[in-house]
Amino acid sequence: MQPDVTRKAQASTPEASELVKDRAALERALGEADPGTLLLVLVHLTGERRWLADARPHLTGPMSYQESMPETMRAAIRRALCDTLVDYAESGRPWPPLPQGELLIDMLSTAAASPVGDDYVEMIREDLDPNYSPPLELAKSAAGALSSAGGLDVIIIGGGMSGIGAAIYLTEAGIPFTIVEKDIAFGGTWYQNIYPGCGVDTPNHFYSYSFEPESDWSHFFAKRDELWQYFERVADRHRLRDHTLFNTEVLSAVFDEHAESWTLQLRGSDGRVFDRSARIVISAVGVLNRPKWPEIEGIDTFAGTMLHSGSWDPDFDWRGKTVAVVGTGASAHQIVPTIAADVAQLAVFQRSPHWVVPNPNYFRDVTPGKKWALENIPFYARWYRFQLFWGFADGLHESLKVDPTWTGNGRSINSTNERHRQFMERFIISELGESSPLLAKVIPDYPPYGKRILIDNRWYRTLARENVELVTDGIRRVRPEGIETVDGSVRRFDAIIFATGFQASKMLAPMSIIGRGGADLHAVWKPDDATAYLGAMAPAFPNFFMLLGPNTGLAHGGNAIFITECQMRFVMNCLRTLIDEDKSTAEVTHEAHDRYVEEVDRLHAGMVWSLPGVQNWYRNPAGRVFAVLPYRLVDFWRLTSTLDRSAIVFSEKEGAPAAKEPRTMRRPL
């Protein structure tokens with residue numbers, strides 16, 4: 001019988017004496033935990049680097065030794081860790097401080113299975129601290145000043161993942177706020193998207209707030225219901241419901257230069273339009289929330305059922321029907337395998353294929369022992385999170401950069417990228433067989449990561465089913481009875497599902513945002529060309545902050561929650577300065593904005609998704625990459641951790657006292 005998974009303060013570390021009360025149960029739990037993560041915990045607790053040297057021969061990639069480490073080594077690690085925990089319990093000494101210097105670098109490099117430089121040390125040391133919570137630490141640094149901020153208040157637009165995170169930072173700082181949410185519940189995309197098979201393609205133990213870890217996920221890649229419940233639970237834990245206007249939509253936001261505040265026009269569920277004002281506005285609406293219907297001739301003439309993955313009809317029953325799915329991106333990758341066994345016939349219309357990678361954890365449950373380890377073993381959850389951080393984000397970044405000396409003949413852009421391509425090609429062939437006629441249709445002709453990599457959801461096995469057809473001919477028109485392709489063929493369907501993504505380039509639409517001097521944000525951005533300093537601020541829009549704004553999406557992997565937390569540090573530093581120096585508004589300069597955008601564009605020019613001929617939703621019609629981040633996550637963390645005073649103008653209040661020495665909200669080491 002495994003130890004029970006108990007709920008305790010997420011930021012605390014259990015006493016050693018509690019862990020070893022039942023050694024047999026502890027040993028059983030360790031048997032289900034990841035041996036590589038246990039290795040890092042063992043070195044953390046003992047400082048014995050010899051364990052790292054023993055593990056290195058078994059490293060072929062991030063977390064690779066989870067599968068390749070010999071059982072004799074796994075058993076030795078479990079025994080040594082168990083003995084170490086008993087020793088801590090018997091001696092009564094506290095857990096050791098965080099690793100330092102070369103030991104930490106050695107541990108990080110072993111966890112990543114590649115050299116990790118000093119640029120990660122500061123960020124990782126912070127993340128490894130189980131007692132560190134960014135919102136709480138930022139509030140502590142305010143020394144009580146924020147709670148008497150003299151009229152400083154905030155409206156947060158959106159109650160999804162970003163809005164919830166922003167509200168928690170403000171709650172801890174004592175800044176009053178109101179969330180305006182157009183739906184009837186928290187959760188954003190995880191409330192709105194209910195299509196069959198909907199789930200996350202980033203591991204849950206990374207796709208969660210750093211200050212609200214969850215050890216009780218049922219799967220490593222959870223489905224929609226569990227994700228939505230997590231965000232609802234976090235919101236309720238912080239009592240955000242009392243500060244939220246649900247079922248209320250923001251129509252416009254206008255900056256009043258005389259009052260130096262924003263007035264928002266809202267529409268409630270009864271259709272009544274009313275105003276709310278605040279000095280600060282934080283837009284947390286995201287970009288993947290307005291379904292994009294394709295412009296196809298005759299789309300309004302279809303006589304059957306027509307749906308979009310982003311606006312799913314929960315009453316639609318696909319069983320026994322002839323169904324078309326238009327699109328082969330992330331949502332189609334989840335819908336198609338989920339419904340294929342129950343439909344009569346399924347046609348999947350593909351414009352271009354995606355690269356797909358297998359992950360052994362995608363379908364696995366999280367075992368009781370692993371949950372217990374995450375909840376109880378000191379530092380285990382934090383080291384596990386770093387391994388996911390590297391394996392699903394920054395560890396991939398070098399493979400995205402075009403090597404001008406590489407002769408990949410359009411197949412790949414550097415040696416690592418080519419190695420990834422070969423691995424995925426071998427996987428596809430293993431799924432379909434070397435003689436399958438589908439191979440010519442499903443192996444992309446562009447380098448890996450030109451579009452976001454998808455995790456295999458039994459995609460190829462589904463396409464090989466007898467009742468499934470992969471159609472690569474272009475669609476000419478939709479007819480009342482079905483779909484006509486460019487070769488003149490007409491296929492009849494009972495239902496058409498459009499898995500064609502979202503209006504990502506129409507950021508902050510359909511809201512009207514009017515800033516200083518009557519500047520219209522959508523006119524400034526022109527069609528489909530949003531830009532912002534740190535993805536968060538635009539010139540002429542004082543005290544207006546965007547979360548997950550332009551160029552903050554993650555194309556190669558990673559965690560959007562991480563980006564939100566980075567941006568909220570920047571926001572809180574601005575608010576800190578407004579209070580400390582008794583300023584009225586914060587506004588990014590044109591020069592700082594333009595320099596940042598130029599650097600972003602320069603970096604994107606050397607990335608795989610900017611190659612000619614590669615089609616993705618990251619670029620606008622003019623070819624500029626507006627959606628995704630060119631930086632490593634650690635780079636963006638550094639850019640947003642401290643406030644560059646040369647980039648932001650803080651305007652004086654009438655009769656304001658002399659400015660105090662500005663303080664940073666970045667945690668000192």
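So the values come out like this:
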read-out	value
Region 318-407: radius of gyration over Cα atoms, expressed as a fraction of 2.2 N^0.38 Å	1.62
Sparsely packed trypsin sites (Lys or Arg not before Pro) within region 224-289, loop by DSSP, other Cβ within 10 Å at most 13	Arg239, Arg272
Beta bridges per DSSP with both ends in the chain, % antiparallel, nearest 5	45 percent
Simple spin-label estimate for Glu71 and Phe427 in nanometres, 7 Å along Cα-Cβ	2.7 nm
Whole-Å distance, taken between Cα centres, linking region 149-173 and region 238-255	10 Å
Exceeding the 28 Å Cα-Cα cut-off - candidates Lys451/Lys526; Lys21/Lys371; Lys182/Lys370; Lys182/Lys451; Lys321/Lys441; Lys441/Lys526	Lys182/Lys370; Lys182/Lys451; Lys441/Lys526
Distance from region 429-494 to region 23-59 (C-alpha centre basis), Å	44 Å
Span per principal axis, largest first, for the Cα atoms of region 72-226 (Å)	56, 48, 35
Inter-label distance, nm, simple model (7 Å from Cα along the C-beta direction), Asp594/Thr405	3.6 nm
Sorted by Cβ density within 10 Å, fewest first, the residues Ile413, Ile453	Ile453, Ile413
Distance between modelled label sites at Val357 and Asp445, nm, 7 Å Cα→Cβ extension	2.5 nm
Gain upon complete extension [Asp270, Trp95; 0.36 nm per residue less C-alpha separation]	57.4 nm
Listed residues Trp293, Leu547, Gly488: farthest to the positive end of the dipole of the chain (Cβ charges)	Gly488
If the convex hull is drawn through the Cα atoms of the chain, its volume per residue in Å³	175 Å³
For region 471-584, the spread of Cα positions along each principal axis, largest first, Å	69, 35, 21
For the chain, size of Cβ-based charge dipole, Lys and Arg +1, Asp and Glu -1, in debye	600 debye
Extent along principal axes [Cα atoms of region 210-298; Å; largest to smallest]	52, 48, 26
Region 33-128: C-alpha gyration tensor shape, a/c 1.5 cut-off, then a/b vs b/c	oblate
Estimated translational D of region 348-458 in µm²/s (Stokes, Kirkwood radius over Cα pairs; 10 °C; 1.306 mPa s)	97 µm²/s
Solvent-free Debye scattering, log10 I(q)/I(0), computed from the Cα coordinates of region 315-360 at q = 0.14, 0.25, 0.33 Å⁻¹	-0.37, -0.94, -1.27
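Where a number appears in this text, it was derived from the coordinates with a stated rule and is not lab data. Quantities reported herein were computed from a predicted structural model and do not represent experimental measurements. Note: ideal-geometry Cβ built from the backbone for every residue, glycine included; neighbour counts use all protein chains shown.
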